[in-house]
Amino acid sequence: MKAKILIIEDETTIREMLAEILKKQGYIIHQAADGTSGLKLIQKHNFDLILLDLRLPDIHGLEVMEKLRKFDNHVLVVVMTAYPEVRTAVSALKAGAHDYIKKPFELDEMKKLVQRSLETQHLRTEVERLRISAVQPAPIDGFIGNSPPFLEMLEIIRKVAAAGRVPVLIRGESGTGKERVAQSIHYLSQRANGPWVTLNCSAISEGLLESEMFGHEKGAFTDAKTSKRGLLELADGGTLFLDEIGDLALSLQPKLLRAIETHNFRRVGGQQELHVDVRFVAATHRDLEAMVKTGEFRQDLYYRLNVATIDVPSLRSRKSDILPLAHHFLEQAATTMGIHNAKLDPSVNELLETYLWPGNVRGLRNVMERALILSDGKPVIPAYLPKEILVPTIDSNSQSNTEHLNTIQILSLAEMEKHHIQRVLTANDGNKTWAAKQLGITRLTLRNKIKQYALVDFMDQVNGN
């Protein structure tokens, strides 16, 4: 079945030229010289693609997009504009445009863009058919959790994945799993069969990063003995994941901005313009908005990246997910180490759930792997957890904890040590060997501390329980 395309353009020469070229490509073409005429055609026909000029004689193109969504929420829109301002482009994408092209444009460039857009439309149709036939949306493999913040994030991932090649910015603390979120966006999108390429912006020096991203020509610098394709070229047809984008050098930010806007770039030392079809997904644990204010990050690049944003929740905000994740990581580690029947003792549950997990999901995985090694196949008990998990973490933002802080400040060091030893002994059911190991002291030293702080009666109570 032939694809049906609507061209809304007030310049007669451009409109008729596009119509003639696209008809030769085998498409069915309709034309409109203004927004009002275009909207009337949209109500009469089901179009696969709309080529929309933003500067129209009667109403602005963004208003046309807003109104057409009332009639057709399925059609893809490619915006044409001779005013390629960042804010205008971002506004168009946020309003629902699939892509945009700057005038004047090359006809070959337009033909390729139309072809890619129609392929995307076809895939969207297939995905929609599958979605209608499914009772529940397919789970995202590798993610574990049922807390409200986590489920909300998964729903956003699904929506963003289906949004063409719109840039994505993933924000979250270290260890929350931002790269896993980025991978899910790729594998849930129409680019799943394309390449997945990762570039860590903080792991490579500024001089090497430009060559790594854009590639270089032979002789571009001292060690450039041969030409090299960059990661941007290698990601053609797929997704380029820019990890730690907040650490990208200011000198490289304009070049990245141009690549994101035009999908065109030059290798280091090269003169030829190269074009790629890449979706840019960036991640950071830094506050880019604050960095923009201090001049550490370009405002236009921030606007261009911040079209589709995903905030990854911290583990402490997903309390109900902690234990399922802990069991999962323990089982994974046990499989790797060849240990059978690895499990958590119930005595560690509350400790894991009340800890604030500054290392987030990555920190929990590390703790489970360490605990399994120390347990030697036995159930994981508090003695095998890091000592910081056994000591309640104080949140200074809480009024009750502020009062608790004030109480702690008037205790002597000896009194604090006594209370800490009591807490660890209780967590280990009075086992001096486990408690000493957790405290980082010898069993003999612990026995002396018990005598020093007159904890003999306390030990009797703990052992009695």
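The numbers here are math on the coordinates, done by the rules we state, and not lab data. Predicted model only: the values in this text are computed from it and were never measured. Positions of Cβ are backbone-derived with ideal geometry, glycine not excepted, and every protein chain shown enters the neighbour counts.
With an 8 Å Cα cut-off and a minimum separation of 6 or more residues, compute the relative contact order for the chain in percent.
On the way: 694 pairs, mean separation 51.4, N = 465.
Over the chain, the number comes to 11 percent.
Given 20 °C and 1.002 mPa s, how large is the Stokes-Einstein diffusion coefficient of segment 202-326 in µm²/s, with Rh as the Kirkwood radius over Cα pairs?
My calculation gives 132 µm²/s for D.
Could you give the longest part of the chain that holds none of the trypsin sites (Lys or Arg not before Pro) found in DSSP loops with at most 12 neighbouring Cβ atoms within 10 Å?
226-465
Subtract the Cα-Cα distance of LEU444 and THR335 from 0.36 nm times their separation in residues, and report this length gain in nm to one decimal.
Numbers: separation 109, 0.36 × 109 = 39.24 nm, distance 3.68 nm.
Taking 0.36 nm per residue and subtracting the Cα distance, the gain is 35.6 nm.
With label points built 7 Å along Cα→Cβ from the Cα atoms of SER205 and HIS285, find their separation and express it in nm.
2.5 nm
Report, by chain and number, residues whose modeled amide H sits under 5 Å from the one on ILE310, excluding near sequence neighbours (fewer than 5 apart, same chain).
LEU169, ILE170, ARG171
What percent of all Cα-Cα pairs in segment 265-372 falls into each 10 Å bin, going from 0 up to the bin containing the maximum distance?
11, 27, 21, 19, 16, 5, 0
In whole Hz and in residue order, list the ³J(HN,Hα) couplings for segment 100-112 that follow from phi through the Karplus curve 6.51 cos²θ - 1.76 cosθ + 1.60, θ = phi - 60°; x for Gly and Pro.
Along segment 100-112, the couplings run 8, 9, 8, 8, x, 10, 7, 5, 4, 5, 5, 4, 5 Hz.
Express in nm, to one decimal, how much length is gained between ASN349 and LYS112 on full extension, taking 0.36 nm for each residue of separation and deducting their alpha carbon distance.
79.7 nm
Please list 3J(HN,Hα) in residue order for segment 40-50, calculated via the Karplus relation 6.51 cos²θ - 1.76 cosθ + 1.60 where θ = phi - 60°; whole Hz, with x for glycine and proline.
In residue order, the calculated couplings are 5, 5, 5, 6, 9, 10, 9, 9, 8, 8, 10 Hz.
Which ³J(HN,Hα) values in Hz, rounded to whole numbers, follow from the phi angles of segment 339-348 under the Karplus curve 6.51 cos²θ - 1.76 cosθ + 1.60, where θ = phi - 60° and Gly and Pro get x?
9, 9, 6, 5, 7, 8, 6, x, 5, 8
Ranked by Cβ crowding within 10 angstrom, fewest neighbours first, how are THR88, THR284, THR445 ordered?
Fewest to most other Cβ atoms nearby, the residues stand as THR445, THR88, THR284.
Using the 2.2 N^0.38 Å rule of thumb for compact globular proteins, work out how segment 32-72 stacks up: its C-alpha Rg over that value, please.
1.02
Jot down the per residue volume, in cubic angstrom and as a whole number, of the convex hull over the alpha-carbon atoms of segment 1-116.
Normalising the Cα hull of segment 1-116 by residue number yields 93 Å³.
Suppose R0 equals 56 Å. What FRET efficiency, 1/(1 + (r/R0)^6) with r the Cβ-Cβ distance, do GLN272 and THR433 give to the nearest 0.05?
Values: r = 70 Å, r/R0 = 1.25.
Efficiency, from the Cβ-Cβ distance: 0.20.
P(r) for the chain: what percent of alpha-carbon pairs falls in each 10 Å bin, starting at zero?
The calculated distribution, bin by bin, is 4, 16, 21, 20, 15, 11, 7, 4, 2, 0.
R0 = 41 Å: FRET efficiency of ASP10 with SER317, Cβ-based, nearest 0.05? Walk me through the numbers on the way to the answer.
Details: r = 51 Å, r/R0 = 1.23.
So, using R0 = 41 Å, E works out to roughly 0.20.
Using 7 Å Cα-to-Cβ label points, what is the GLN25/ARG180 separation (nm, one decimal)?
4.1 nm
Which length gain, in nm to one decimal place, applies between HIS122 and GLN461 when the Cα-Cα distance is subtracted from 0.36 nm times their residue separation?
Full extension from HIS122 to GLN461 adds 114.9 nm.
Counting other C-beta atoms within 10 Å, which of MET153, MET291 has the fewest, and how do the rest follow? It would help to have the intermediate numbers written out before the result.
Working: MET153 23, MET291 16.
Least crowded to most crowded, the residues run MET291, MET153.
List the residues whose amide H sits under 5 Å from the amide H of VAL268, counting only those 5 or more places along or on another chain, with H placed 1.01 Å from N in the peptide plane.
GLY215, HIS216, GLU217
Hey, with R₀ at 25 Å, roughly what FRET efficiency would PHE105 and SER37 work out to, going by the Cβ-Cβ distance, to 0.05?
0.65
Taking the convex hull of the Cα atoms, report for segment 315-393 its projected area averaged over all directions, in nm².
Computing the convex hull of the Cα atoms and averaging its projections yields 4.5 nm².
With axes computed from alpha carbons, what is the tilt in degrees of helix 253-262 against the longest principal axis of the chain, rounded to the nearest 10 within 0 to 90?
Approximately 50 degrees, to the nearest 10.
Could you work out how far helix 12-24 tilts from the main Cα principal axis of the chain, as a 0 to 90 degree angle to the nearest 10?
Result, in degrees: 80.
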